[in-house]
Every structure is written in C-alpha cells, then in structure tokens.
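The values are calculated or read from the model by the stated rules, or taken from the named source; none is laboratory data. Keep in mind the model is a prediction, meaning the values are calculated, not measured. Note that each Cβ is placed from the backbone with ideal geometry, even for glycine, and that neighbours are counted across all protein chains shown. The protein model used for the area step is the full one, side chains on, heavy atoms only, and it has no ligands, DNA or RNA in it. Shrake-Rupley method; radii C 1.70, N 1.55, O 1.52, S 1.80 Å.
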Amino acid sequence: MKRVIILGQTNAGKTLFTINFAAYLGVQSITFTFSDKQRGSYTRTIEIQDAIELLVSDRAHHTRSIQSAVLQIPWGKAAKRFEILDTAGLSDGIHSDETVRRGMAYTLATVREAEIILHVLDSALIAKKNVLHSIGEVDYQVAQFGQLHTGYAILANKIDVPHVKEGLDKICEEFPGHFVIPISALLKLGFKEVRDFVKRHL
Amino acid sequence: MANELHVNEPERIYGLVEHGEISVSEALSMIRKSTNQFGKAEVEISKEERIAKIQRELTKLIGLDSVKSLVLEIQAFVEITQRRISARLASDPVVLHMIFKGNPGTGKTTVARIIGKLFLEMGVLSKGHSVEVERADLVAEYIGQTAQRTREQLRKAAGGILFIDEAYSLARGGEKDFGKEAIDTMVKTMEDQRSDLIVILAGYSEPMEEFLETNPGLKSRFPITIEFPDYSAFELFKIAEEMLEQRDYQLNKAARRKLFRIIEDVRKKEQVNFGNARAIRNLIEKSIRQQAVRLVSKKTTSRTQLMEISDDDIQEVVDA
C-alpha cells in the first residue's frame, strides 16, 4: 500500500484537508491511527464532523502526532487503497517546545517512507504578506526534497479567501517546475485534481 | 552543528531536530544530500553493510593473508569492546596505535587507508581520513620548530590516521637530532587525544626493530604490530594481471610466460627492493608504453590488438 504524506507549515490546513479529502472520497467516519514516538500508537474511529471539531484548530502546532488513515480511490471496477498521513506542522528555526520538536522529527522520519508528498501552502497568507514572511525556508527545502520524488505536488490552500489570486501567482513564481493544485480544504475545491494526481501515482 | 559526518545517518538527524540542535530546514537539506539522484536513499545502507563493503575491499587485496586476519581480529575486538561498554562491563581503553613493518610496496599505505575507513564506520574515528607524512614533514631545521611542525601534522590528522612512513628515520642522527623532539611531541599528543587519533609507524622491518629498541617507551604505546610479508612470485603475477585488467589490457600466452619468468627470476635473486607491487606497476606501465610504440606505426589496429600485450612488449630489466 502506497503512502501519501501531507506536509507543510503549521496552520496551512493539513488536518482539515486530510479529513475533508477522506469525506470527498466517500467515507462517513474516519479511522485514524494516532502515532507518536513516545506513546506508541492507538486507533479511533470518528465521524467526519466530530473529527473536524476535535482535530482542526486555528492554533499553531495543534497536530503533534502523525494521524494516519486508510482510504481508497475507485479504480475501474475495484478500488485502490492507500494510506494518508497527516503530520505535525513544520516551522522555521528551532522551536522552544520539545514536544513540538519531537513531532517535527517524527514527521521527517516518516517523509522518507512515503511515495507521494502533498505539500500544503497557505495561499491566503502568501497573498497578504511578503513572500519572505509567508513562505518559509522549510517550504523551499520540502520542495527541493520533493524533486527527488515523482509523486510531489504543492496544494495551494485557502482559495476560498477573497483576493487570493496574487498568492497563487507568487507560489507558481517561487516554485517553478512544480505541480501546483489550487484547493480549498474548507469548501472541498480542487479535490478532483488532487484525487487524480494521487491516482496517477498509486 | 550541521556536521557532514551525520549526513548518512537519518536517525541522528531526527535526534538533532528533536533536541533542538538543528532546524527542520537544515535536517531536510541533510537528508536530501544523502539521497542520490535516482531517488533511492543511500541512507538505506546500514552500518553493517558499509562495514562489510570495506571488509570486502580488504579481502579483495591479493595476498596479505596474515594482515587481513589481523585487521579483522582488531575489528572484532573493537566491536566487542564497544558492546561491553554499552553493557557496562569492565573494559580497558582500546589503544589502536600500530606499527607496520615491511618493504616498500607491500601494501602498508593501502591497508592504513582501509583501516581508517573501517574505524570511521565503526565509530572509533570521527573522520577516518589518513594523513601520510615522513621525517621531513615533522622535523624542522631550527630548534623549537619541530614541535610546532609535528603538532601541525597531528592536528591535521585528528579524527583520522597519522601514517608516518619510514618512521625509524626520526631516530637517526643521534642525540642532538630534532627527530627526538618530534617523537616526544607525538607521544604527548597521543596520550592527550587518546580516543580520536590513530598513529601508524611504518617502515622496513629491521630498522623499525632497532628504532623501537632504542625508544622503549614507544613499544608499549604501539601495542599492535602488523608484518607485511613480501609478495610471492605468484601473488605478484596476479597483481600484474589485475592491474592490466583494470586498464583493459590482456597478456597473450607468450607474454604471460615471460612475465612470470621475469618475476620469478628477480624474486630468486632476492633483491631487497623488489618483491613489491610498486615495481610491478612500473613494469606494467612500461609494457603498456612499449605496446603503444609497437602499434603506432600500423595504419589500422583492431580492438584485440589494442588490448593485447605481447612478450616483446615486456622488458627484461626490472628497476625497483
């Protein structure tokens, strides 16, 4: 089973994307396996709506473990299964909180095991702020790392926010040669393209 | 912080992130650098495999059976000592300074380099490079400069191997010679940086013996002695063949016979300076040039002709 890892800075919308993408692929409830380096792993099945309430937050570094779920994409008459891994957000510099750092280290350890990398960027933030303050060093590094992978795409999130066009342009400018899919994790926009991209690389 | 050394060890990179020593960006760039262009991570190669690869490099060397088994013995000893330390058992500090005795061209430098790489992988040395020096690199003309010069070389070799060729020459020149100062400086540094530097003294067997006799303090500080025997005629012949193969040449039948006879003859005469791979390399290189001279006048040459070394190409005279 191939693995799809969701990477990005904190507050880019990784968890919301993961849950809504699962809903888009037709699940009513999602079975998450939460794993973190210290406490091992445990599994919970949660209704989509509850999952959003529980796991999504606008606070930075809300996700600290890796949340994974097995999903499937229709494939001819059958379906292909893959594992989606929602990770702790990465940030520039060295974070002062050890649990946050541990989450990031665990994310890095998992990146190497994934075949497909979906890199979530906050295009609303990029539209609003200077590139220097919105795209992190870590994003450039992830993009360079992604070049080694065939299954690497940038998800330019939050296109539901007004005046986001400028952000999308900046993303394409900053990451030339990469596959950029504009999405809205909140309104499930652009999910068909994401599904097709994942399907191509399964 | 971003030490190049850690690049191949992802576990260590994650550890550095967790302990807040490097940022995620730095970690990603380190992981990326250790992943080759085919997208296949070199990091997959485990420590054991890398050690096995270096061991193969050692066993591939022709002859040197006693050397090989001794190196493997040392490796096993170091490994077990490391395990004993982690099991909190009593263990003496491992002293790995060595003496290599043997004629020139018997593989001393090659083996020293392999040992460096081996100990790097085993975590005994932090860099595993080898710095090859001789008397002139250590001893200066004027008083007081020798210690400085020697320390400079020792500093360069820190984390790796300091290979002192013809080490006995340090004791030549009697009491007033500065060679003694070089030895004293070296011994002092060896005591101070016990763990992360290996000094190898190399040279001809007999002068080395005398050298150690006259400096009794040295013998105890270099607990490992490896003798490099001269190659036998057959081993030399195999070395010659391998050298030619690497260069895409082949000996024809007559040439094989002639080469073997030459090697045997010289071995029988027991020339002090012969018996060695370096002399064989000179012989081979000379024959390659002779072949070129033979072929250059021909208008067309086939692929086989270009590869073939005939008996005429091999010269009788072997200069050491």
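The residues listed here are A:Glu193, A:Glu166, A:Glu174, A:Glu137; of these, the one that is under 22 Å from A:Ala69 (Cα atoms) and acidic (Asp, Glu) is A:Glu193.
B:Pro216 passes every criterion in (1) closer than 29 Å to B:Leu58 by Cα; (2) at pLDDT below 85 apart from (1). State yes or no: is B:Ser130 in contact with a strand residue (DSSP E or B) (Cβ under 9 Å, 6 or more places away or on another chain), closer than 13 Å to B:Leu197 by Cβ and open to solvent by 10 Å² or more (accessible area, probe 1.4 Å)? Against the criterion (in contact with a strand residue (DSSP E or B) (Cβ under 9 Å, 6 or more places away or on another chain), closer than 13 Å to B:Leu197 by Cβ and open to solvent by 10 Å² or more (accessible area, probe 1.4 Å)), B:Ser130 qualifies. Exactly one residue among B:Ala147, B:Ala136, B:Ala90 is farther than 26 Å from B:Pro207 by Cβ and either free of Cβ contacts under 8 Å to residues at least 40 places away in the same chain or assigned to a strand (DSSP E or B) (or both), and that residue is B:Ala90.
Condition (residue is on the phi > 0 side of the Ramachandran plot, touching a Phe, Trp or Tyr at 6+ places or on another chain (Cβ under 8 Å) and touching a residue at least 24 places away in the same chain (Cβ under 8 Å)) applied to region A:186-201: is it met by at least one residue? Looking for residues that are on the phi > 0 side of the Ramachandran plot, touching a Phe, Trp or Tyr at 6+ places or on another chain (Cβ under 8 Å) and touching a residue at least 24 places away in the same chain (Cβ under 8 Å), one finds at least one in region A:186-201, hence yes. For the structure I just gave you, tell me whether B:Ala182 is surrounded by 14 or more Cβ atoms within 10 Å (Cβ to Cβ), modelled with pLDDT of 85 or more and not assigned by TED's automatic domain parsing to the domain that holds B:Leu138. Considered against the rule, which asks whether it is surrounded by 14 or more Cβ atoms within 10 Å (Cβ to Cβ), modelled with pLDDT of 85 or more and not assigned by TED's automatic domain parsing to the domain that holds B:Leu138, B:Ala182 comes out as no.
Matching residues to (1) modelled with pLDDT under 75; (2) open to solvent by 50 Å² or more (accessible area, probe 1.4 Å); (3) out of contact with any Ser or Thr (no Cβ under 9 Å at 6 or more places or on another chain):
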site: B:Pro10; (1), (2), (3): yes, no, no
site: B:Gly20; (1), (2), (3): no, no, no
site: B:Lys33; (1), (2), (3): yes, yes, yes
site: B:Gly39; (1), (2), (3): yes, no, no
site: B:Thr59; (1), (2), (3): no, yes, yes
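Name the residue that is modelled with the highest pLDDT, counting only residues in region B:92-127 that are over 28 Å from B:Thr81 (Cβ atoms) and open to solvent by less than 20 Å² (accessible area, probe 1.4 Å). So, considering only residues that are over 28 Å from B:Thr81 (Cβ atoms) and open to solvent by less than 20 Å² (accessible area, probe 1.4 Å), the one modelled with the highest pLDDT is B:Thr106. Residue-level analysis places B:Ile74 outside the set of residues that are assigned to a strand (DSSP E or B), over 18 Å from B:Ser232 (Cα atoms), touching a strand residue (DSSP E or B) at 6+ places or on another chain (Cβ under 7 Å) and modelled with pLDDT of 85 or more.
Being hydroxyl-bearing (Ser, Thr, Tyr) and in contact with a Pro (Cβ under 9 Å, 6 or more places away or on another chain) is the filter here, so list the residues in region B:150-200 that pass it.
If the condition is that a residue be hydroxyl-bearing (Ser, Thr, Tyr) and in contact with a Pro (Cβ under 9 Å, 6 or more places away or on another chain), then B:Tyr168, B:Ser169, B:Ser195 are the ones that fit.
Residues of region A:66-93 that are more than 14 Å from chain B (Cβ to nearest Cβ) and of a type in the set (Gly, Ala, Ser): A:Ser68, A:Ala69, A:Gly76, A:Ala78, A:Ala79. Out of the residues in region A:115-137 that are within 14 Å of chain B (Cβ to nearest Cβ) and crowded, with 21+ Cβ neighbours inside 10 Å, which is farthest from A:Lys170 (Cα to Cα)? So, considering only residues that are within 14 Å of chain B (Cβ to nearest Cβ) and crowded, with 21+ Cβ neighbours inside 10 Å, the one farthest from A:Lys170 (Cα to Cα) is A:Ile116.
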